[in-house]
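Below you'll find the structure, written out as structure tokens, and then a few comments.
The numbers here are math on the coordinates, done by the rules we state, and not lab data. Given the structure is predicted, the values throughout are model-derived calculations rather than measurements. Note: ideal-geometry Cβ built from the backbone for every residue, glycine included; neighbour counts use all protein chains shown.
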Amino acid sequence: MQTIQTIVRTDVGTRIERDLEVALGRLRQLDGAEVVVERPGTIGEGSAFADEVDQVQVAASQEIGLATRDLLLARVNGLSAALERLNAGGYGVCVECAEPIAPARLDALPEVQTCVRCQGGLERLGPRDDRSRRSVFAAGDGEAAPASYRSSLFPNEEDRDAA
């Protein structure tokens, strides 16, 4: 008989795979879309762009297409990493503080890697390069945050801490 954890893991894996296929399909559609290339020449009736408004619209459309592609690539990579974590048994655990991620958060964003507390801190401070030490956002051990993670609200923190 399958355990509840195995059933949940299978359901989550199926959902992530489905979301991955949808994202890959949208990415393929986007890559197959015709790209408008600016042609050299003067602007006028005979040119590819009748006026500056046309140029601006084409540039904006290209920027939106590139931004959409970047977001889709990030989603595909995130979903793939989530499948790897699921298969390795680490899905649903924050990569920053090793605490469980809220089920509602995982339901909304199955590719998420961090709990709400750590994500908020990362958005304020930026990602850390050294993932070997415990997150500064984790509750508990009473250690002071490293100087590189201190708030910029107090520009003279080092002086205050030395006193």
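What base-10 log of the normalised intensity I(q)/I(0) is obtained for the stretch 54-93 from the Debye formula, alpha carbons as equal point scatterers, at q = 0.14 Å⁻¹? Log10 of I(q)/I(0), two decimals: -0.47. Counting Lys and Arg as +1 and Asp and Glu as -1 over every other residue whose Cβ lies under 12 Å from the Cβ of Asp19, the net charge comes to 0. Can you give the FRET efficiency to the nearest 0.05 for Ser80 and Arg124, using r as the Cβ-Cβ distance and R₀ = 35 Å? Rounded to the nearest 0.05, the efficiency is 0.80. One chain, two ends: Leu24 and Arg105. Fully extended at 0.36 nm per residue, the span grows by 26.9 nm beyond their Cα-Cα distance. Ordering 99-109, 16-26, 57-67 by mean Cβ neighbour count within 10 Å, with the highest value first, yields 16-26, 99-109, 57-67. The simple spin-label model puts a point 7 Å past each Cα toward its Cβ; for Arg117 and Glu17 those points are separated by 3.5 nm.
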